[in-house]
Amino acid sequence: MDSVTGTLVDIRTADGIADAYLAHPDDGQAHPGVLMYQDAFGVRPHLTAMADRLAAAGYTVLAPNVFYLHGRIPVVELPAFIDMAARPDILGKVVPLMEALSPELTERDAGAFLGWFAQSPLVTDGPVGITGYCMGARLALYTAGTHPDRVAAAAGFHGGDLASEAPYSPHLLADRITAELYFAHADEDPSMPEEQVRRLEKALTDAGVAHRCEVYAGAHHGYTQSDTAAYNPAAAERHWTELLALFGRVL
């Protein structure tokens, strides 16, 4: 594993200043850019460790605080180990932040993040990749659909409501997507029921999007997040294998 540098950076958006964690290899070279979208618990030590691991594979990784309008990192104070059964109060803190992320705000912010990549000497020219977790999978799908000229590959893991019946569901952007996609659902995830899994698959297939969607057996919503009770080591490692294979093919 190559050594990496991790720093905090500020990115100007149409709505304010977003703080973000930036990780990149220490070799002084430009590398393909990857936008890492957080889960509901935000940018925290576990997520920055994930960004470091991805950077060590040869990428410049930006993990923005998508809740920046509500404060800088950490927006919500969290325990070192997140167990929703033991701490139901956490949900009450993060749900309003998630609900404030409208599709319009997501599109504007994504444009700012992608614009930062285009200006950074740490990033090679060309389209970028995206990986997203939990609600970040939805943000990844939105971004691939609203900025198709800038996104070459996008992956989402244990995402929820990716193909709901809501008029703003991200699967409705399928016909605008040019990136290659990979989505890995958890089979024990009530936020992404079987009918939504089928609806997403149909939308992507009908639109001719290069994609693969899988369901990880025995995995719960949040299976990649090692600081939560939902963590599944086998599913998390499978996610790394698939993510690095996607980026290795496309970026």
What length, rounded to one decimal in nm, is gained on full extension from K93 through to W240, with 0.36 nm per residue of separation minus their alpha-carbon distance? 50.0 nm
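With an 8 Å Cα cut-off and a minimum separation of 6 or more residues, compute the relative contact order for the chain in percent. Mind dumping the intermediate values first?
Values: 531 pairs, mean separation 41.9, N = 251.
The normalised contact order for the chain reaches 17 percent.
Roughly speaking, what is the stretch gain from E194 to R12, that is 0.36 nm per residue apart minus the C-alpha to C-alpha distance, in nm to one decimal?
Details: separation 182, 0.36 × 182 = 65.52 nm, distance 3.88 nm.
Answer, rounded to one decimal: 61.6 nm.
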Leaving out ligands, DNA and RNA, what percent of the accessible area of region 1-152 is carbon and sulfur, probe 1.4 Å? 55 percent
Env charge @ E201, Cβ radius under 12 Å, K,R +1 / D,E -1, value 0
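Quote the relative contact order of region 56-199 in percent (integer), defining contacts as alpha-carbon pairs under 8 Å separated by 6+ residues.
For region 56-199, the relative contact order is 17 percent.
So, R0 is 41 Å and r is the distance between the beta-carbons of V76 and A207; what FRET efficiency does that work out to, to 0.05?
On the way: r = 36 Å, r/R0 = 0.88.
Calculated transfer efficiency: 0.70.
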Region 61-195: percent of C-alpha pairs farther apart than 24 Å? 33 percent
Per residue, what accessible area does the chain have, given a 1.4 Å probe and all protein chains present, in Å²? 42 Å²
Cα→Cβ-extended label distance, 7 Å offset, between L122 and E165, nm: 4.5 nm
Hydropathy at least 0.0 by Kyte-Doolittle, axial extent at least 15 angstrom from the Cα trace: which helices of the chain, defined as entire DSSP H runs, fit? 45-56, 89-99, 135-146, 233-250
Per-residue ellipticity at 222 nm for the chain, helices alone: DSSP H runs ≥ 4 residues times -39500 (n - 2.57), over residue total, nearest 500 deg cm²/dmol? -10500 deg cm²/dmol
Give, in nm to one decimal, the length gained when the segment between V215 and R249 is fully stretched (0.36 nm per residue of separation minus the Cα-Cα distance). 10.1 nm
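The values are calculated or read from the model by the stated rules, or taken from the named source; none is laboratory data. On a predicted model such as this, the values are computed, not experimentally measured, just so you know. Positions of Cβ are backbone-derived with ideal geometry, glycine not excepted, and every protein chain shown enters the neighbour counts. Ligands, DNA and RNA are excluded from the accessible area calculation, which covers all protein heavy atoms including side chains. Shrake-Rupley method; radii C 1.70, N 1.55, O 1.52, S 1.80 Å.
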